[in-house]
Amino acid sequence: MYLINLSNFKSRLDWFSDFSGGLSAFLKEHQLDGIELILFEDEIGVPKELVKGLHLRYWPYWMDLWTGDTQALIRNLGDLEAAKRLYGGHGRESLVDRYRFELKKAVELEAQYMVFHVSHIGMHEVFTGDYAYTDEEIIDATIELVNEAFDVDVDIPLLFENLWWPGLRLDKKELIERLFSGVRYKNKGLLLDVSHLSIAQGDVVDARSSLEAVKKVLDELGALKQLIRGVHLNGSFPGDGLSRLQVHEVSPILDVDVNERFKQIIHEISKLDTHLPFHDEIAQEILGLIDPEFVVFEVLPKNLKELSDWILMQNEFLKRP
């Protein structure tokens with residue numbers, strides 16, 4: 001099943017209003033089976049039958065809210081009112097409530113899978129690399145959160161996605177085993193994001209080295225690679241970009257307000273995680289190693305024409321009709 005990612009911001013959905021036949025016709029014309037939806041607005045805004053996957057809300061910075069570290073929240077966000085605006089509340093129950101809401105939406109939409117990021121990064125840690133939490137602590141907190149929020153008998157697969165920050169990078173078998181043994185939700189698996197894996201490896205400079213990075217991780221996973229049911233396919237070849245970012249002893253955003261902090265962080269991260277199409281036939285080899293049920297062209301175009309061009313490009317490199 002081939003999909004594209006789509007957020008339900010009105011400005012993004014408006015792209016398809018001038019396309020003859022709307023979103024449904026656009027997907028059909030580009031040989032796509034549907035969308036992986038991200039809910040930023042509570043109203044879905046798209047035909048229900050087009051939603052094949054639901055990418056659950058992700059807060060890169062959330063552990064301090066979960067652990068109740070008020071001073072760390074203030075240091076990262078400026079004040080507790082900013083935390084309330086970001087999470088919908090001051091306590092861990094705000095995260096639980098949000099994921100319960102999205103699980104309910106997934107059931108209503110009859111989604112075929114859900115995606116959950118397993119990662120955490122403090123706003124200052126983006127630039128310093130001086131991480132406050134270990135992989136194990138983030139895995140354990142994720143287990144707690146998932147067990148509280150996904151405590152109903154639902155059969156929609158919950159797929160845990162890798163990032164390059166502390167948490168789940170897919171480079172340690174024992175962390176995957178820890179996560180899967182701790183999470184009580186029965187129907188669970190993995191989703192491999194090719195760009196996130198490339199960033200985490202630190203030496204990916206082109207399509208060939210991206211393939212080698214995927215091979216290396218799959219070899220290390222052994223039988224656990226069978227848990228990978230979906231792939232986010234995009235091309236980021238950052239080399240040692242993460243190391244170049246984390247050269248500061250003191251965070252350069254320490255004295256700016258929270259809105260400016262977000263802008264600077266998004267600007268820097270977009271240099272690493274470019275969300276461009278994987279513009280090489282090597283993409284076929286990567287998918288052949290995994291044979292996923294769901295392939296998502298996860299790109300961030302500026303307009304509908306660019307999205308169309310990128311999908312056509314990706315289809316061409318995958319030799320899809």
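The values are calculated or read from the model by the stated rules, or taken from the named source; none is laboratory data. From a predicted model like this one, the values you see are computed outputs, not experimental measurements. Methodologically, a virtual Cβ is constructed for each residue, glycine included, from the backbone with ideal geometry; neighbour enumeration extends over all protein chains shown. Heavy atoms of the whole protein, side chains included, go into the accessibility calculation; ligands, DNA and RNA do not. Shrake-Rupley method; radii C 1.70, N 1.55, O 1.52, S 1.80 Å.
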Review point. Within the set of pairs 6 or more residues apart or between chains, which connect a residue that is under 12 Å from Asp42 (Cβ atoms) inside segment 92-110 to a residue that is open to solvent by 40 Å² or more (accessible area, probe 1.4 Å) and assigned to a helix (DSSP H, G or I) with Cβ atoms less than 9 Å apart?
Key: Glu108/Lys48
Review point. Pick from Phe19, Phe40: which is modelled with pLDDT under 95, open to solvent by 30 Å² or more (accessible area, probe 1.4 Å) and touching a strand residue (DSSP E or B) at 6+ places or on another chain (Cβ under 6 Å)?
Key: Phe40
Revision key, fill the gap. In segment 193-245, anything open to solvent by 40 Å² or more (accessible area, probe 1.4 Å), in contact with an Asp or Glu (Cβ under 6 Å, 6 or more places away or on another chain) and charged (D, E, K, R) is listed as Arg229
Exercise for review: Give me a count of the residues in segment 269-283 that are outside any loop (DSSP other than H, G, I, E, B) and surrounded by 15 or more Cβ atoms within 10 Å (Cβ to Cβ).
Suggested key: 5
Practice item. Would you mind listing the helices (runs of 4 or more DSSP H) fully within segment 50-164 where at least 1 residues are over 28 Å from Ser270 (Cα atoms) and among the hydrophobic types (A, V, I, L, M, F, W, C)? Key: 93-109, 135-149
Point to revise | Candidate set from segment 6-16 (those that are assigned to a helix (DSSP H, G or I) and not aromatic (Phe, Trp, Tyr)); member that is least open to solvent (accessible area, probe 1.4 Å) | key: Leu13
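Yes or no, residue by residue, for (1) under 27 Å from Phe317 (Cα atoms); (2) out of contact with any Leu (no Cβ under 6 Å at 6 or more places or on another chain); (3) not aromatic (Phe, Trp, Tyr):
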| site | (1), (2), (3) |
| --- | --- |
| Phe16 | yes, no, no |
| Gly22 | yes, yes, yes |
| Lys48 | no, no, yes |
| Gly78 | no, yes, yes |
| Arg85 | no, yes, yes |
| Gly91 | no, yes, yes |
Revision key, fill the gap. Checking Leu23, Leu32, Leu3, Leu37 in turn, the sole residue that is closer than 22 Å to Leu233 by Cβ and part of a loop (DSSP other than H, G, I, E, B) turns out to be Leu32
Check your understanding: What number of residues within segment 81-94 satisfy the criterion of being surrounded by fewer than 21 Cβ atoms within 10 Å (Cβ to Cβ) and under 19 Å from the mean Cα position of the chain (by Cα)?
Key -> 1
Check your understanding: Restricting attention to segment 240-268, which residues are in a helix (DSSP H, G or I), closer than 14 Å to Asn76 by Cβ, out of contact with any Gly (no Cβ under 9 Å at 6 or more places or on another chain) and among the charged types (D, E, K, R)?
Key -> Glu260
Review point. Quick one: is Pro301 touching a His at 6+ places or on another chain (Cβ under 9 Å) and either modelled with pLDDT of 95 or more or not in a loop (DSSP other than H, G, I, E, B) (or both)?
Key: yes
